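Everything below concerns the one structure shown next.
Please treat every number below as a calculation from the coordinates, not as lab data. All figures in this text were calculated on a predicted structure; none of them were measured in a lab. Cβ coordinates were reconstructed from backbone atoms using ideal geometry, including for glycine residues, and neighbour counts include every protein chain displayed.
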Amino acid sequence: MKKTALLLMLSVISFVGLSQQGLVAKSTGGIQTGFLGIWLYDEIRLTNAIALRGEVGLSARIWSDKIVTATESGYYVAPVLTLEPRFYYNLRSRFNESKNISGNSGNFVSLNIRYHPDWFIITSDEHPNNVNQLAFMPTMGIKRNIGNHLTLEGGVGAGYEIYFTKKTGYSKNTDGIAFNYHLRIGYRF
């Protein structure tokens, strides 16, 4: 009876231990920076392969266009809120190949939902039009760890963006194709 109980207990421990391997982390967060911004993020596990990433940060844009603005070129920095369900499709295979998967270090596909509120804007334009913007962009990306806390992440995608310009005097809101391309380095808490 003792041998059966011991064997059963070891089997359960082994099963629980193995079933937890190669899965999305329960929660991981940190800070990232790239060429045009800085962001705080947190990812929480929804399923074994899907995480929900939330982000708050400052995003910058650079433009060069005489027609749209009074100046030929300029920049602006504005707040951004992002919600992004991510499907990490290769964590289990990376784990089976003894590769590091901590902090969701793997390849992913996602739906990047980005909202730029009109709270404030830092810009070189003398007469800025700060409007709410909402974008939906399917994205493919890769996230890797460098050591225990540093991360490198890149992604590319395209989707739909709407500018709520009606409140600034336009007859209707404007919309169009939006692109999501990023290369970021970060620190994972």
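Mind ordering 169-182, 29-42, 132-145 by average Cβ neighbours within 10 Å, highest first?
Result, highest mean Cβ count within 10 Å first: 132-145, 29-42, 169-182.
Please work out how many pairs of lysine residues in the stretch 32-189 are eight or more positions apart (or on different chains) and have Cα atoms closer than 24 angstrom.
4
Hand me the trypsin sites (Lys or Arg not before Pro) from the stretch 65-138 located in a DSSP loop with no more than 14 other Cβ atoms within 10 Å, in residue order please.
Lys66, Lys99
What do you get for the angle between helix 2-19 and the principal long axis of the chain? Use alpha-carbon atoms, 0 to 90 degrees, nearest ten.
20
With Rg and Dmax of the Cα atoms in Å in mind, check (1) 21.6, 85; (2) 21.1, 73; (3) 22.2, 72 and report the label derived from this structure.
It is the one labelled (1).
What number, rounded to the nearest 500 deg cm²/dmol, is the helix-based mean residue ellipticity at 222 nm of the chain, given -39500 (n - 2.57) per DSSP H run of at least four residues and division by all its residues?
Per the formula, -4000 deg cm²/dmol.
Counting pairs of alpha carbon atoms under 8 Å apart in space and at least six apart in sequence, what relative contact order in percent does the stretch 2-188 give?
17
What is the calculated FRET efficiency for Asp175 to Val77, with r their C-beta to C-beta distance and R₀ = 22 Å, to the nearest 0.05?
Once rounded, the FRET efficiency stands at 0.45.
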